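The values are calculated or read from the model by the stated rules, or taken from the named source; none is laboratory data. The model shown is predicted, which means the values in this text are computed figures rather than measured ones. Cβ: placed from backbone, ideal geometry, glycine included. Neighbour counts: every protein chain shown.
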């Protein structure tokens, strides 16, 4: 767990960022191509070490959702250690009762963030949490749908995780037709 | 004492019914392993209703970054006992009349939850390798200070070609490069290595190491092979041991 604390606290950079061309359509086994992904490896304090090889920011986008939805995932040590989910407003998330009602609400509807500090109590001596059960609503500034909401959530999440945000402007992929 | 209306109101806050173009999205009380609530779609007319999770189980697992593999066979065996089917990664119920809608929503939602749990039990997060750094570490382990970095060699074209690593061995110089599965990387490594190979000098021994965890086009590997000996990373340690012995 201390390793994750140090990882989150350390300044980090994303490797291989070029822009919207980084999106890759995921071809599922039945050819649905239901989502797009970006995987950026992460370098810690400018020294890319093999031991950090699992560190990455994985973005999953669903451009055909109305409105569009996406998920930002900070991976480290083979686990998701922080995340941000832009969801439909009617999608609830229940917070674990180990924290709900204290400083986080019992339930959240819509987009939310899973922060390491809120979830690290779920780690054990030998294992990182499989799920980040505690979520918080996004700040009001990120709550509204607008054309640049994707890049604003990405920047906010990077700042929260001490990651230098990408200098390129990123947008969600355009909607695609299933009738190709 | 609390009354049932208050409890009902609290529980109903969790549920929702959202009308979409082709049906109604229902938020159920069933919960995925992530603690997000399961949603199902209800479509249909006056007599028959079609209820499905629209791929929600797979999507929930995929959204957190898991590397997803084939699921149809596993999902089918999980849900068939409830009379459900799997199509395009979605769990779907056979058409039911209006009196079966509520019960079917519950069955589909619970099946979706089980299928999502199966994904978490069987899929992992992909660990992207920083390939160049991993290779550098391996070379450092194997050759230590003997490995020179960024070595220039004058090619047959009279142009200086740069190689990532060079290891002197008696009167030979072992040149090692890494290559990534993109056209720029492939082309530049082919040009540099061919230029030196065209010297037809016994002094140079050339290797190009590629990450065999990545997807490669067979044609690219063929072209690289024309320029140097190509080594999959998974075999690099063995190959380098041979160089060390030489």
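Quick notes on this one:
- Consider segment B:93-132 and keep the residues that are over 31 Å from the mean Cα position of the chain (by Cα) and without any contact (Cβ under 8 Å) to a residue 12 or more places away in the chain. The one that is nearest to residue B:54 (Cα to Cα) is B:94.
- The one condition in (1) in a loop (DSSP other than H, G, I, E, B); (2) closer than 20 Å to residue B:39 by Cβ; (3) touching a residue at least 40 places away in the same chain (Cβ under 8 Å) that residue A:70 fails to fulfil: (1)
- Any hit, segment B:192-201, residues being surrounded by 14 or more Cβ atoms within 10 Å (Cβ to Cβ), without any contact (Cβ under 8 Å) to a residue 40 or more places away in the chain and not in a helix (DSSP H, G or I): no
- Qualifying residue in segment B:69-88 (condition: within 12 Å of chain A (Cβ to nearest Cβ), in contact (Cβ under 8 Å) with a residue 60 or more places away in the chain and under 26 Å from residue A:130 (Cβ atoms)): no
- From the list B:108, B:151, the one residue that fits, being touching a strand residue (DSSP E or B) at 6+ places or on another chain (Cβ under 6 Å), part of a strand (DSSP E or B) and either away from every other protein chain (no Cβ under 14 Å) or surrounded by fewer than 16 Cβ atoms within 10 Å (Cβ to Cβ) (or both), is B:151.
- Condition check for residue B:175: surrounded by 16 or more Cβ atoms within 10 Å (Cβ to Cβ) and part of a helix (DSSP H, G or I): no
- Scope segment A:145-161; condition modelled with pLDDT under 95 and surrounded by fewer than 17 Cβ atoms within 10 Å (Cβ to Cβ); matching residues: A:145, A:146, A:147, A:148, A:151, A:152
- Note on segment A:95-122: residues that are buried (at least 16 other Cβ atoms within 10 Å of the Cβ) and away from chain B (no Cβ under 12 Å) amount to 5.
- Those residues of segment A:95-112 which are assigned to a strand (DSSP E or B) and modelled with pLDDT under 95, in sequence order: A:100, A:104, A:107, A:108, A:109
- Residue pairs meeting the criteria (Cβ under 8 Å; at least 6 apart or on separate chains; first more than 9 Å from every other protein chain (Cβ to nearest Cβ), in segment B:6-28; second at pLDDT 95 or above and assigned to a helix (DSSP H, G or I)): B:26/B:105; B:28/B:105; B:28/B:106; B:28/B:109
- For segment A:35-94, a residue qualifies if it is within 19 Å of residue A:150 (Cα to Cα), surrounded by fewer than 23 Cβ atoms within 10 Å (Cβ to Cβ), at the interface with chain B (Cβ under 7 Å from one of its Cβ atoms) and modelled with pLDDT under 90, and exactly one does: A:39.
Rundown of residues vs (1) under 25 Å from residue B:140 (Cα atoms); (2) at pLDDT below 90, yes/no style:
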{"position": "B:179", "(1), (2)": "yes, no"}
{"position": "B:189", "(1), (2)": "yes, no"}
{"position": "B:196", "(1), (2)": "yes, no"}
{"position": "B:219", "(1), (2)": "no, yes"}
{"position": "B:233", "(1), (2)": "yes, yes"}
{"position": "B:246", "(1), (2)": "yes, yes"}
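- Tallying residues that are closer than 18 Å to residue B:61 by Cα and over 17 Å from the mean Cα position of the chain (by Cα) within segment A:108-127 yields 0.
- The number of residues in segment B:13-52 being surrounded by 10 or more Cβ atoms within 10 Å (Cβ to Cβ) and out of contact with any strand residue (DSSP E or B) (no Cβ under 9 Å at 6 or more places or on another chain) comes to 1.
- Yes/no for residue B:37 being within 10 Å of another protein chain (Cβ to nearest Cβ) and either farther than 23 Å from residue A:93 by Cβ or assigned to a helix (DSSP H, G or I) (or both): no
- Residue selected from segment B:72-92 under the condition within 22 Å of the chain's Cα centre (by Cα) and in a loop (DSSP other than H, G, I, E, B), by the criterion nearest to residue B:109 (Cα to Cα): B:89
- Residue A:142 being closer than 20 Å to residue B:65 by Cα, surrounded by 17 or more Cβ atoms within 10 Å (Cβ to Cβ) and touching a residue at least 12 places away in the same chain (Cβ under 8 Å): no
- Any chance residue A:132 is in contact (Cβ under 8 Å) with a residue 40 or more places away in the chain, part of a strand (DSSP E or B), within 11 Å of chain B (Cβ to nearest Cβ) and within 16 Å of the chain's Cα centre (by Cα): no
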